[in-house]
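Before any comments, here is the structure.
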């Protein structure tokens with residue numbers, strides 16, 4: 001398997017603005033991303049995800065992801081699972097705050113006191129799930145006062161800056177972004193795989209671990225991968 005950057009947890013929040021719970025989802029996610037666990041989490045943008053941004057989708061294929069949905073429509077969860085794979089867990093805001101006996105408040109855009117309290121509870125649950133996913137038993141500061149737990153100078157990281165390597169190649173006349181292509185080539189090179197029967201098949205199998213390959217385009221992908229790998233080997237000197 002190819003070595004990828006440090007394990008982090010992706011957080012993808014509801015984009016809906018028609019109900020207070022959508023805003024609560026986003027506020028809670030920002031609390032975690034900016035104040036509580038900036039070193040362990042990255043944000044995934046649902047609109048970009050739906051629009052086909054490959055870095056957003058790639059992150060969710062390789063790393064654990066938490067979907068924060070405002071209601072039972074589960075838009076964030078369903079989008080992630082449709083385009084990347086199963087989420088590690090998901091939180092339904094209206095269900096959680098009802099369980100805690102709280103109110104979502106009345107404002108859809110700027111949270112009132114009740115909405116802010118609900119957001120703090122949701123943020124606490126997100127942090128609990130992050131700690132569980134990362135396999136840690138670390139003390140979690142109770143909300144509010146979350147800023148006190150943040151490292152100095154912390155900021156929000158997005159999936160596009162998560163360090164997942166992406167290479168653009170031409171396949172069938174179209175530019176396609178392939179994740180982890182250079183590390184895959186390096187792995188084959190270090191193993192002494194320069195040519196020989198089945199090389200194109202093995203390259204394809206490894207690339208498909210990290211990328212979606214349309215079945216109808218597999219032969220084109222194989223030919224391109226082999227060609228790109230030959231170029232890579234020439235650059236390496238043999």
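All of the numbers you see were taken from the coordinates with simple rules; none came from a lab. Just so we're clear, the structure is a prediction, and the values are computed from it rather than from any experiment. Every residue, glycine among them, receives a Cβ derived from its backbone with ideal geometry; neighbour counts consider all protein chains shown.
Data table
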quantity	calculated
Relative contact order [Cα under 8 Å, 6+ residues apart], the stretch 1-75, whole percent	47
Mean separation of Cα contacts under 8 Å (6+ apart) over length of the stretch 165-238, as relative contact order %	30
The stretch 79-135: relative contact order as a whole-number percent, Cα under 8 Å and 6+ apart	26
Fewest-first sequence of 104, 175 by Cβ atoms within 10 Å of each Cβ	175, 104
Modelled FRET efficiency - R0 25 Å, residue 134 with residue 30, Cβ distances, 0.05 increments	0.80
Relative exposure of 41, 80, 224, judged by other C-beta atoms within 10 Å (fewest first)	224, 41, 80
